[in-house]
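One structure is given here, and the rest of the page talks about it.
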Amino acid sequence: IGMVTGCTFSDLNSDGWQDLIISIEWGPITYLENTRGKFVDKTKEANLSKLTGWWNSVASADIDNDGDFDLIAHNFGKNTKYKASDQHPVLLYYGKFGTDEMRMVEAKFEDDQLFPVRGKS
């Protein structure tokens with residue numbers, strides 16, 4: 001699944017079974033439909049698979065008072081030093097990078113050139 005940052009149970013399809021919705025860093029909000037005790041990934045069918053991001057949390061509530069549950073997802077947005085776009089995303093690399101230890105390195109674009117932001121050196 002990836003780096004899970006939050007989750008909530010909610011009966012999104014109103015079948016009486018609590019579905020699982022997961023927020024993931026560097027991935028989509030993931031929707032696992034509870035089909036009578038077995039969770040089935042319905043992320044794509046729910047049109048969530050292309051909504052990838054640096055998700056931090058997810059919650060559900062009937063925000064618009066129409067009788068069904070709505071999803072509320074939180075990610076790093078414009079209130080952060082990171083200024084990502086489709087053309088210039090913030091990237092995270094994980095590997096040995098010529099050493100014996102696994103390391104994570106954040107990278108960002110400045111104009112069209114990629115630079116490391118921070119990492120263990």
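Every number in this text was worked out from the coordinates using simple rules, so none of it is lab data. These figures come from a predicted structure and were not determined experimentally. In this analysis, Cβ positions are derived from the backbone assuming ideal geometry, glycine residues included, and neighbour counts consider all displayed protein chains.
Points to keep in mind about this one:
- For VAL90, residues with placed amide H under 5 Å, excluding near neighbours: SER85
- For TYR94 and ASP111, the difference between the fully extended length at 0.36 nm per residue and the C-alpha to C-alpha distance is 3.8 nm.
- Extended-chain gain in nm, criterion 0.36 nm per residue less alpha-carbon gap, TRP17 and SER49: 9.3 nm
- Residue with peak Gaussian network fluctuation, the chain [Cα springs, cutoff 10 Å], from SER85, SER57, SER49: SER85
- Segment ASP64-PHE9, length gained on full extension (0.36 nm per residue, minus Cα span): 17.9 nm
- Lys-Lys pairs in the chain that are eight or more residues apart or on separate chains and whose Cα atoms lie under 27 Å of each other come to 19.
- Applied to region 5-11, the Karplus parametrisation 6.51 cos²θ - 1.76 cosθ + 1.60 on θ = phi - 60° returns per-residue 3J(HN,Hα) values of 10, x, 7, 8, 9, 7, 7 Hz, with x for Gly and Pro.
- Put a dot 7 Å past the Cα of PHE76, heading toward its Cβ, do the same for LYS38, and the two dots end up 3.9 nm apart.
- Part-to-part distance (alpha-carbon centres) for region 1-75 and region 100-115, which is given in Å: 30
- Placing a label point 7 Å from the Cα of ARG118 along the Cα-to-Cβ direction, the residues of region 61-75 with a backbone N closer than 20 Å are 75.
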